Amino acid sequence: MHLNNFPIMAKDIRTTENDSIYNDIEKMSTEEILTNINSEDQKVAIAVQKSIKSIQSLVDATATKLINGGRLFYIGAGTSGRLAVVDASECPPTYGVSEDLVIAIIAGGNQAMFHAVENAEDNTKQAWLDLNTYHINEQDVVIGIAASGTTPYVLEGLKACQENNIITGSISCNFNSPISDYANHPIEVDLGPEFITGSTRMKSGTAQKLILNMISTSVMIKLGRIEGNKMVNMQLANQKLIARGVNMIMQQTDITDPAVAEQLLKKYGSVKKAVESHK
């Protein structure tokens, strides 16, 4: 069987669809359910650790492009797309970058964040159309995210990117995934079957979240958005963050009066600019 020219791989390879190792889950006690879910979750970080070299390759390629004026795009459907949107939306407040530096596109559009959009992930043309609304070009990087590694929306999007000389990466939770064939920098994490058969919002979602954290955080560090271990470019979105910024300024300068530090912080809008101005 083929789906848009992408083969459905054998069951022993599609580990996200394998039968759970747990049976009669509905008969378990609450403690047994929670213990077994936790037992599966503990496998995720170990599996991700085995992919660090692949993640490193994608991070270095992405950072190089962004340093030279490019952008980072995520494309995904369902849980994968939603996790991508979360990661991208957190970059501006955390690192003080513009909202068009890291962009997430979810199959089905914004409404798909809250409601399933029928057949959105099966649309083989839409990803490239969605990317082109941002005038994507060879300076950019596109990372496709699909737990199974077979989502047509993502596969065709990456394929179109490669045909247009755009660097691509992928994140999947199966080995030998079709998505990897269309990624210059593929990341494959072997998690084994989910606690509930095929429920990739669980271990697969956790692994994708961890990897997205690693990619965006590492790239932002390479872009100089972190100093020491501090978010010196964070947006001052609430009183907690303002107080944190005041403390950073006092630690990095000879200012001892919190009111003076706060005045300087609000004037320049970031810890980095405030400290540089004072010095």
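Please determine, by comparing only the residues of segment 245-274 that are surrounded by 15 or more Cβ atoms within 10 Å (Cβ to Cβ) and in contact with a strand residue (DSSP E or B) (Cβ under 9 Å, 6 or more places away or on another chain), which one is nearest to Asn68 (Cα to Cα). Before you say what the answer is, go through the steps one by one.
Going through segment 245-274, the residues surrounded by 15 or more Cβ atoms within 10 Å (Cβ to Cβ) turn out to be 245-246, 248-250, 252-253, 255, 260-262, 264-265, 268, 270-274.
Cutting the leftovers down to in contact with a strand residue (DSSP E or B) (Cβ under 9 Å, 6 or more places away or on another chain) gives us 248, 252, 271-272.
Numbers: Met248: 29, Gln252: 30, Val271: 25, Lys272: 22 Å.
Per the stated criteria, the residue is Lys272.
With the structure loaded, tell me whether Ser216 is at pLDDT 90 or above, touching a strand residue (DSSP E or B) at 6+ places or on another chain (Cβ under 7 Å) and buried (at least 20 other Cβ atoms within 10 Å of the Cβ) or whether it fails that test.
Against the criterion (at pLDDT 90 or above, touching a strand residue (DSSP E or B) at 6+ places or on another chain (Cβ under 7 Å) and buried (at least 20 other Cβ atoms within 10 Å of the Cβ)), Ser216 qualifies.
Taking segment 120-158 as the range and being more than 26 Å from Glu194 (Cβ to Cβ), in a loop (DSSP other than H, G, I, E, B) and modelled with pLDDT of 95 or more as the test, the residues that pass are Thr133, Tyr134, His135, Ile136, Asn137, Glu138, Gln139, Asp140.
Search segment 214-233 for residues that are not assigned by TED's automatic domain parsing to the domain that holds Asp87 and pair each with any residue that is among the hydroxyl-bearing types (Ser, Thr, Tyr) and not in a helix (DSSP H, G or I) when their beta-carbon atoms are under 7 Å apart and the residues are at least 6 apart or on different chains. Final answer for the pair search is Val232/Ser270; Asn233/Ser270.
Do you know which residues across segment 183-206 are of a type in the set (Ser, Thr, Tyr) and either surrounded by fewer than 24 Cβ atoms within 10 Å (Cβ to Cβ) or in a loop (DSSP other than H, G, I, E, B) (or both)? Working first, answer last.
From segment 183-206, those of a type in the set (Ser, Thr, Tyr) are 197, 199-200, 204, 206; that's our starting set.
Answer for segment 183-206, where residues must be of a type in the set (Ser, Thr, Tyr) and either surrounded by fewer than 24 Cβ atoms within 10 Å (Cβ to Cβ) or in a loop (DSSP other than H, G, I, E, B) (or both): Thr197, Ser199, Thr200, Thr206.
The values are calculated or read from the model by the stated rules, or taken from the named source; none is laboratory data. Bear in mind that the values here come from a model prediction, so they are computed numbers and not experimental data. Counting neighbours? That spans all protein chains shown, and the Cβs are built from the backbone with ideal geometry, glycine included.
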